[in-house]
1. Specify the residue that is nearest to the chain's Cα centre (by Cα); the eligible residues are those in segment 130-146 that are of a type in the set (D, E, K, R) and closer than 16 Å to VAL59 by Cα.
2. Counting only residues that are within 13 Å of GLY53 (Cα to Cα) and among the polar types (S, T, N, Q), which one in segment 95-121 is farthest from the chain's Cα centre (by Cα)?
3. Please state which of the following conditions MET127 fails to meet, knowing it meets all the rest: (1) in contact (Cβ under 8 Å) with a residue 12 or more places away in the chain; (2) within 22 Å of SER63 (Cβ to Cβ).
4. Within segment 91-131, which residues are of a type in the set (S, T, N, Q) and farther than 30 Å from ILE41 by Cβ?
5. Within segment 129-146, restricting attention to residues that are in a loop (DSSP other than H, G, I, E, B) and loosely packed, with under 13 Cβ neighbours inside 10 Å, which residue is modelled with the highest pLDDT?
Amino acid sequence: MFSGNIFTLNSINGFTAGGTKMTENSNENRYTIEEEGAGIIQIADDVVSSIVGLAVTEVDGVSKLTGGITRDIVAKLGKNNLSKGITVVYNEDKLDIDISCEVKFGYNIVDVSKDIQEKVKSTLLTMTGLECDKINVKVSGIDFKE
């Protein structure tokens, strides 16, 4: 069970917090949390993207995640749709996340976007201990379906 440690990025050694260390393993697209004497925990990039995608779709007023043509082609080939329209970048000490989505007609776009930012921030912190620096929301369309 997650102990509640907060992991922050260190540009040289990866994530660190107290006696806990998380390092990037770029060859395998996953991040490793090393607890002293307790072993390791690895989180794949796709897991982080899926958590973000699920958080976004839970926000009232969001119709769906959207992505560019490349992401659409990859989705048709079997990639998980929860990560469609989501880009996660690991910076010096926190995550930068870009989200592209469609908002339902009748909802305030700014309010929905702010709700997305808060939901993603809290969900990632709760589920992984990772903190976000920037959460950029691009509303690519309005869903007029009722």
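1. The residue in question is LYS138.
2. Going through the qualifying residues, I end up with SER100.
3. For MET127, the failing item is (2).
4. ASN108, SER113
5. Selected residue: PHE144.
Here is a yes/no grid of residues against (1) under 22 Å from LYS114 (Cα atoms); (2) aromatic (Phe, Trp, Tyr); (3) modelled with pLDDT of 90 or more:
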site	(1), (2), (3)
ILE51	yes, no, yes
LEU54	yes, no, yes
ASP60	yes, no, yes
GLY67	yes, no, no
ALA75	no, no, no
ASN81	no, no, no
LEU95	yes, no, no
CYS101	yes, no, yes
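The values are calculated or read from the model by the stated rules, or taken from the named source; none is laboratory data. Note that the structure is predicted; figures quoted are calculated from it, not measured. Ideal geometry is used to build each Cβ from the backbone, glycine not excepted, and the neighbour counts take in all protein chains shown.
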